[in-house]
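Before any comments, here is the structure.
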Amino acid sequence: SNIGHFEVSLHYARAELLMDQEKLDEAEQELLSAIKIDDRSSNVLVALSFIHFQQGDLPRAVVDVKRALQLNPYNSYGHTQLAYVYQAQGRIDEALAEAQEAVRLNTLDDTSHYILGVCYMESGKPEEAIREFEKFLDLYWDRAYVREYKVKADEYLEQLRQSP
């Protein structure tokens, strides 16, 4: 129903604000409330995966994001999130494939270019990594959870440009 959809959207919007304030436990409660109303929102599940990732619960993060991508395989944020989780698990080839798919689906998402840069760097492809970090910085817009990526992207670019 429209009312259910509105309530899910409201919980999701609250969760996004809380995530930006780094209040992950409260954000998680908002997302869980949204899922109780309707468990078919791909974006809600991606956000929940992000929270579990930030909390260090990689197995739960994988389950959430894979469910999100089952609901909507074109969700670029889901592919980006899965790339981050795979990268954290050391599954670089899989992370690279997910990051490439995320960029293919949404070339304007800054965080997908960041993780793609990290994957290229870890795969020994410095030119590709530099290109992706530069693209990330061109697209970057300030959010609490992305600030550390900006700092790291600047550091990585400096390292990559100094390497022979």
Count - residues of the range 1-12 that are in contact (Cβ under 8 Å) with a residue 24 or more places away in the chain and exposed (fewer than 12 other Cβ atoms within 10 Å of the Cβ): 1
Residues (in a helix (DSSP H, G or I), under 23 Å from residue 57 (Cα atoms), in contact (Cβ under 8 Å) with a residue 12 or more places away in the chain and open to solvent by 60 Å² or more (accessible area, probe 1.4 Å)) located in the range 13-38: 14, 16, 20
The range 94-136, residues that are open to solvent by less than 70 Å² (accessible area, probe 1.4 Å), under 10 Å from residue 76 (Cα atoms) and part of a helix (DSSP H, G or I): 98, 99, 101, 102, 103, 105, 112
The range 39-77, residues that are in contact (Cβ under 8 Å) with a residue 24 or more places away in the chain, exposed (fewer than 15 other Cβ atoms within 10 Å of the Cβ) and closer than 13 Å to residue 8 by Cα: 40
Selection status of residue 82, open to solvent by less than 40 Å² (accessible area, probe 1.4 Å), farther than 25 Å from residue 14 by Cβ and without any contact (Cβ under 8 Å) to a residue 40 or more places away in the chain: no
Qualifying residue in the range 73-93 (condition: assigned to a loop (DSSP other than H, G, I, E, B), under 29 Å from residue 17 (Cβ atoms) and of a type in the set (Phe, Trp, Tyr)): yes
In the range 137-153, the residues that are exposed (fewer than 12 other Cβ atoms within 10 Å of the Cβ) and of a type outside the set (Gly, Ala, Ser): 138, 141, 142, 147, 148, 151
Hits in the range 50-68 (condition: over 19 Å from residue 21 (Cβ atoms) and assigned to a helix (DSSP H, G or I)): 58, 59, 60, 61, 62, 63, 64, 65, 66, 67, 68
Pairs where the first residue, in the range 146-164, is part of a helix (DSSP H, G or I) and the second is open to solvent by 80 Å² or more (accessible area, probe 1.4 Å), C-beta under 6 Å, 6+ apart: none
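The values are calculated or read from the model by the stated rules, or taken from the named source; none is laboratory data. Values in this document were obtained by computation on a predicted structure and should not be read as measured data. So basically every Cβ, Gly included, is an ideal-geometry build from the backbone, and we count neighbours across all protein chains shown. The area values use the complete protein model at the heavy-atom level, side chains included, leaving out ligands, DNA and RNA. Shrake-Rupley method; radii C 1.70, N 1.55, O 1.52, S 1.80 Å.
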